[in-house]
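The values are calculated or read from the model by the stated rules, or taken from the named source; none is laboratory data. The model shown is predicted, which means the values in this text are computed figures rather than measured ones. Cβ sites come from the backbone with ideal geometry, for glycine too, and all protein chains shown count toward neighbours. Accessible surface areas use protein heavy atoms only, side chains included; no ligands, DNA or RNA. Shrake-Rupley method; radii C 1.70, N 1.55, O 1.52, S 1.80 Å.
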Amino acid sequence: MTILSLALRRLAASLPTLVIILAGLFLLLQLAPGDTVDALMAQMGGGDPALAEELRRFYGLDISALAQLGRYLLRLVQFDLGQSAIYGKPVAQVIAERLPVTLLLMGSSLSLAFAAGTALGILAARQLDRWPDTLISTLGLIFYATPSFWFGLMGIVLFSITLGWLPSGGFEEVGAGLTGLDRALDIAWHLVLPTVTLALIFLATYLRIMRASMLEVMSLDFVRTARAKGLAETGVVVRHALRNAMLPMVTLIGLQAGTMLGGSVVVESVFALPGLGRLAYESVVQRDLNTLLGIVFVSALLVIVINFLVDLLYGQLDPRIGAGR
Amino acid sequence: MIINRREAIRIAGALALGSAAGSPAFAQSGTPKRGGTLTVQLSGEQRVLNPAIRASTGVYIVTSKIMEPLVDLDASGVPAAVLATSWTSAPDGKTHTFKLREGVTWHDGKPFTSADVQYTAMEMWKKYLNYGTQLQQYLEAVETPDATTAVFKYSRPMPQNLLLRALCDLGYIAPRHVFEGTNILDNPANTAPIGTGPFKFVQYERGQFIIADRNPNYWRKDFPYLDRIVWRFIIDKAAAAAALETGQTQLSTYNALSLADLDRLKTDARFTVTSKGLEANAFNNTLEFNTRRKELSDVRVRQAIAQAIDVPFFIENFIYGQGKPATGPIPSVSTAFYTEAPPPYKLDVKKANALLDEAGYKRGAGGTRFTLKLVPIQNGEDVPLLATFIQQSLSQVGIKVDILNLDSAGALATVYRDWNFDLATGWHQYRGDPAVSTTVWYRSGSPKGAPWTNQYGWKNDAVDKMIDDAAAELDPVKRKALYAEWVKAVNADIPVWMMIERTFQTAISKKVQGALNMPRWGSGDWHDTWIES
């Protein structure tokens, strides 16, 4: 019950932010030169102005920007995200088709980065200033500094073109008609390269934070106490230090869950995955306002939900935080 | 010529690559084999897949396999029978009668008749088809005396060769029974096309792929050879090249790969890289002058600018030699209209400086005469390169150029609707006949906001008259002569400079046979295409 009321309170508090974001974005896009009909004209290589007028009417662009915004918000309170100009179907449906791919990619690479970052961070902290620490820190920095599209392309060159082990792109085998477990395995096989590519970028942050956090916690009094009462080193690290060192990591995962939605544009393009990032990019280029606003709306909701879950997790990890509620 | 270090490196690299490139001859051999799947890479999605309301290579590359036009080009580039079997024209050029193919059925089983032609022409081409609306503006009615005859009635003379050539692109027929009584722009058949073609639409998974399967009831008996065509969306050009190399796709066309990858794959024995099969889609790199700007209203300034830019150097070093200096707005591949001539302007910096001095624009402080704003209209990766090259070249003759970078929607609105530019550079696409989409670049009176038309405030009554006369001239020989005269006039006055003549490039696996065998093959029906095992 407390969780439910907390969730509702959080959602209510986020509503004004959401409206401001949507209205702001709408107005910002009005400042960009050209509308979706110009983008369409560019794509189809020209057409006469009478046709353009006809298309503007068709896309509902023949009224003032404020009237359009009013119309949009009115629809939004009825949970209607409007029609997508690029796809000619409801935005909610377009997003629903793309969301699973993005969530799958985001979830798997975030988990991979989190798990590997935690393990490597602990290892580096335990081996402070010895060669494993130097190696891990240097590699982390290299991964962090390398642009993701380059990683992706090099992965394709090595594992798809040269070695032929993995597919160079796509979400699944087209027209293979696979079902059930076979299909799941096929999708997993296609997602290996993109997941690793995306995870490598985020890995560095996690491992740096974990390393620093471990070092700090390991120097605290209660760790000395744990050692003094004769616990083995593994027990000290896992049971006492790790749990406390996790707090900044959990904060970070909440923050990154938001950025990962946008950050996957590059990876989705390189690996030809039908995700939300690419949809957002196409919506901007094609000036498809409804779709873009829809994506922002869904992303914002997702960030709110994830942050709420993170707050709940804080309470689990550190009872002192929950007690204040 | 001022070249910075990064460009010098790029040029050195380009030269090294260029010298290694050979061009293996494209060979077609063996007996055609039934079966197999052809996978084609696409670099962008289309909003609709209906070529009767949208003329664009992005639509044709998919739907021309599913829907068919009245006529299409044959191997030698002459319009040949498809859904129309024969045609006659009245001497006054106002009536054109098409005999239609019998026994053709739509994919949903309904028969194809003259009613479909009438409906498509009047309700789609005339109302919603880009370039079709202009082409058919004087079309008054399509009469259907019987199920296999369609009579096109025009209020002004329409040259038969213009109509037939244009109909290869602008003559796709849609099923009347599917569209009649609905909102045409909103009809679901726009993204799930129903046609008469060799392949039947199966599935369109947004952002991923489109599938079409063999039509067993196709009117060309025993065709097509292929069982299935899959189009896969791969936006990233480097990833598209990787997909081709790993065999995930067999075809990338209309410059869907980067110029560097096209150049690299030329030397790969598994692939053919060629402009063959796309000759009908020639295009130019352009430089448009806004003559509302005082300096640019002087023809001497426009000519000076054209002589300050080393076009052959750009072609060789920036676009891997994929093009040649244009001789005017009609490309050399358009044999029916092209008249041999040298490029109108060559690099001559001394002359350019003299012309600018003569026009009264002396160099001021820092050697600058005046500043111009250049808007690149993003069509391909070469456009921003050319914009930078123009900027550097013009700084040599004392013209400072500021580049305003926008995406394509933004550039289109800025140049053609707001007229907020001094110079613009992009592509002019030639569509088989100068009257389709080329003369509009020069004809005055184009309504404000029409992209890729004369929006530069330039008006020349003599040129306007030539354009109108040529469009209504029924004798092909006289028509060609009129266009030759017109090319000379617009080259001299250059409101827009056609800088480079280019054709699109295809990269295709050598396993694909029966390919590239006509000048608009990328937009063809692929009924005779097959895959070697």
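So here's what we get for this one:
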read-out	value
Test: A:LEU198 is within 12 Å of chain B (Cβ to nearest Cβ), touching a residue at least 24 places away in the same chain (Cβ under 8 Å) and surrounded by 15 or more Cβ atoms within 10 Å (Cβ to Cβ)	no
Any hit, the range B:244-256, residues being open to solvent by 10 Å² or more (accessible area, probe 1.4 Å), in contact with an Asp or Glu (Cβ under 7 Å, 6 or more places away or on another chain) and modelled with pLDDT of 90 or more	no
Subset tally (residues that are touching a strand residue (DSSP E or B) at 6+ places or on another chain (Cβ under 6 Å) and more than 14 Å from chain A (Cβ to nearest Cβ)) for the range B:201-216	1
Subset of the range B:319-354 (residues that are assigned to a helix (DSSP H, G or I) and buried (at least 21 other Cβ atoms within 10 Å of the Cβ))	B:ALA352
Considering residues of the range B:97-131 that are more than 27 Å from B:THR438 (Cα to Cα) and of a type in the set (A, V, I, L, M, F, W, C) only, the residue most open to solvent (accessible area, probe 1.4 Å)	B:ALA115
Some residue of the range A:61-70 being in contact (Cβ under 8 Å) with a residue 12 or more places away in the chain, within 14 Å of chain B (Cβ to nearest Cβ) and either crowded, with 16+ Cβ neighbours inside 10 Å or part of a helix (DSSP H, G or I) (or both)	yes
Pairs where the first residue, in the range A:1-27, is open to solvent by 70 Å² or more (accessible area, probe 1.4 Å) and the second is acidic (Asp, Glu), C-beta under 9 Å, 6+ apart	A:ARG10/A:ASP311
Within the range B:221-254, considering residues that are on the phi > 0 side of the Ramachandran plot and within 14 Å of chain A (Cβ to nearest Cβ), the one farthest from the chain's Cα centre (by Cα)	B:GLY247
Selected residue (criterion: nearest to the chain's Cα centre (by Cα)) from residues of the range A:142-194 that are hydrophobic (A, V, I, L, M, F, W, C) and assigned to a loop (DSSP other than H, G, I, E, B)	A:PHE171
Residue tally, condition of a type outside the set (S, T, N, Q), within 19 Å of B:GLY58 (Cα to Cα) and at the interface with chain B (Cβ under 7 Å from one of its Cβ atoms), over the range A:27-47	9
Single residue of the range A:45-60 satisfying the filter (among the charged types (D, E, K, R) and within 21 Å of A:ASN290 (Cβ to Cβ)) that is surrounded by the fewest Cβ atoms within 10 Å (Cβ to Cβ)	A:ARG57
Qualifying positions in the range B:82-131 - part of a loop (DSSP other than H, G, I, E, B) and charged (D, E, K, R)	B:ASP92, B:LYS94, B:ARG101, B:GLU102, B:ASP108, B:LYS110, B:LYS126, B:LYS127
Checking B:SER444 against (1) facing another protein chain (nearest Cβ under 9 Å); (2) free of Cβ contacts under 8 Å to residues at least 40 places away in the same chain; (3) not charged (D, E, K, R), the condition it does not meet	(1)
Given (1) at pLDDT below 85; (2) touching a Leu at 6+ places or on another chain (Cβ under 9 Å), number of the condition A:VAL77 does not satisfy	(2)
Matching residues, the range A:224-252, being open to solvent by 50 Å² or more (accessible area, probe 1.4 Å) and farther than 30 Å from A:ILE306 by Cα	A:ARG224, A:THR225, A:ARG227, A:ALA228, A:LYS229, A:GLY230, A:LEU231, A:ALA232, A:GLU233, A:THR234
Residues of the range B:171-188 that turn out to be in a helix (DSSP H, G or I) and more than 12 Å from chain A (Cβ to nearest Cβ), as a count	4
Residues that are in a strand (DSSP E or B) and farther than 26 Å from A:VAL284 by Cα, drawn from the range B:41-81	B:PRO69, B:VAL71, B:ASP72, B:LEU73, B:PRO79, B:ALA80, B:ALA81
Filtered residue count, the range B:355-375, keeping only those that are surrounded by 15 or more Cβ atoms within 10 Å (Cβ to Cβ) and under 35 Å from the mean Cα position of the chain (by Cα)	7
Test: residue in the range B:66-78 that is surrounded by 14 or more Cβ atoms within 10 Å (Cβ to Cβ), within 14 Å of chain A (Cβ to nearest Cβ) and among the acidic types (Asp, Glu)	no
